[in-house]
């Protein structure tokens, strides 16, 4: 069978790899005897195939072994990094879980502890979120304390609930009102849904991030009411409504987890 040149050229790769049939090989070789151009093309094709020597094989084997060694090292490093990251996430998760289940906490309702915690020399002065000079440094001698609580809770971020309610004589009541009037109070203090207060406010610190410290006066009964509700991240960890008299809270105040102020912050920062 006389093959055409274009057919032979298509068959040359298979012929060079010795995968053509015997009959096809014979036809191609017969064509070579008649066509010098196809023969030369075949010779050029077979000359391009490098001959691998034993020395080359040894070099290649060394390169392969070196690459295998590098791959093993890279694999070990990658696995180590993955294990380290898993361990870090696990430790962080364990700490978070421990903090939630075993939060730092300090609670007292004993008025004898007042100066230990509050006032200029109390431990609260060093760690409160807003400087609190609204609460008195000491309780007046004529004071009849009705309520007192210092509550600190820190599962991850600190929250505070402090309140003091007492009545006193006219002189000490007037003196305290005068002291509070000299404090430079926050001008804007309607945050967290607050629409007002149940008693006249004598002094107040407030911001939309950490909450409130304020003093109110019930002049009919010579009663002074001091409240601190401070926290981080736009919500309080403390269930304050279960602890403090609702009349002593700002009207409409909501700093519970998931409150509208916190939700707005999450939306603005993309945390939702």
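The values are calculated or read from the model by the stated rules, or taken from the named source; none is laboratory data. What you see is a predicted model; the values in this text were computed from it and never measured. In this analysis, Cβ positions are derived from the backbone assuming ideal geometry, glycine residues included, and neighbour counts consider all displayed protein chains.
Here are some notes:
- Which numbered condition residue 211 misses (of (1) closer than 23 Å to residue 173 by Cα; (2) touching a strand residue (DSSP E or B) at 6+ places or on another chain (Cβ under 7 Å)): (1)
- Top-ranked residue of region 1-13 - restricted to ones that are in contact with a helix residue (DSSP H, G or I) (Cβ under 8 Å, 6 or more places away or on another chain) and surrounded by 11 or more Cβ atoms within 10 Å (Cβ to Cβ), ranked as modelled with the lowest pLDDT: 8
- Members of region 127-157 found to be touching a strand residue (DSSP E or B) at 6+ places or on another chain (Cβ under 7 Å), in contact (Cβ under 8 Å) with a residue 40 or more places away in the chain and assigned to a loop (DSSP other than H, G, I, E, B), listed by number: 128, 129, 130, 132, 134, 135
- Being over 24 Å from residue 181 (Cα atoms) and touching a helix residue (DSSP H, G or I) at 6+ places or on another chain (Cβ under 9 Å) holds for only one residue in 117, 131, 151, and it is 151.
- Hey, residue 187 exposed (fewer than 13 other Cβ atoms within 10 Å of the Cβ), over 28 Å from residue 139 (Cα atoms) and without any contact (Cβ under 8 Å) to a residue 60 or more places away in the chain or not: no
- When 159, 186 are checked against the criterion of being modelled with pLDDT of 90 or more and out of contact with any helix residue (DSSP H, G or I) (no Cβ under 9 Å at 6 or more places or on another chain), a single residue qualifies: 186.
- Residue check, residue 198 within 22 Å of residue 255 (Cα to Cα), assigned by TED's automatic domain parsing to the domain that holds residue 252 and in contact (Cβ under 8 Å) with a residue 12 or more places away in the chain: yes
- Considering the conditions (1) at pLDDT below 95; (2) surrounded by fewer than 21 Cβ atoms within 10 Å (Cβ to Cβ), residue 149 is excluded by exactly one of them, (1).
- Whichever residue in region 220-272 is part of a helix (DSSP H, G or I) and in contact (Cβ under 8 Å) with a residue 40 or more places away in the chain and, among such residues, is surrounded by the most Cβ atoms within 10 Å (Cβ to Cβ): 240
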